[in-house]
Amino acid sequence: MTYPSQKQTISIILILLIIIITSGRCRDIENASAGNINASTSASDENVNIQRFGMVIKIKPEKIEAYRKLHKDPWPEVLTMIETCHIQNYSIYLKDDLLFSYFEYTGTDFEEDMRKMTADSITREWWKLTDPCQVPLDNRKEGEWWAVMEEVFHMN
């Protein structure tokens, strides 16, 4: 039996951590609604359908502090738009040159909510500040900015 290397073990742990965290981009979310990426679904006690998303992207090392500063004081209008589009439990984590995100979608019309977010001029202005900090993974699917991860385990 072959055991994973330390690097593989760390990768596995990071993948599991991403399942616990939150964030995303509209074009990635649109792919999810079209069935192009894996999104996990569960039902809460109130029978609300929850889709969980985990994503990863690289961050430019020289942009880490700027990215932290932006997210220390996010624009209220952007946060409101995220909530309006039925996204909750949204987190972004940093490990070395990687950002890991997790969020839950609770709405009933995912595509419409993502069109609404994409059409929001203030959200687009926010992305003009965050996008230059990021470097998409080479192995992401076509149309993704953040690479969507497959959920391999979940426990409520």
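The values are calculated or read from the model by the stated rules, or taken from the named source; none is laboratory data. Keep in mind that what you see is a predicted model, and the values were worked out from it rather than measured. Positions of Cβ are backbone-derived with ideal geometry, glycine not excepted, and every protein chain shown enters the neighbour counts.
Counting only helices (runs of 4 or more DSSP H) that fall entirely inside region 39-144 and contain at least 1 residues that are in contact (Cβ under 8 Å) with a residue 60 or more places away in the chain and surrounded by 13 or more Cβ atoms within 10 Å (Cβ to Cβ), the qualifying elements are 64-72, 110-119, 121-130. Every test in (1) touching a Leu at 6+ places or on another chain (Cβ under 9 Å); (2) more than 20 Å from Phe110 (Cα to Cα) is passed by Met55 save one, and that test is (2). Test Ala32 against the stated conditions and say whether it is modelled with pLDDT under 95, closer than 16 Å to Met149 by Cα and touching a helix residue (DSSP H, G or I) at 6+ places or on another chain (Cβ under 6 Å). In short, no.
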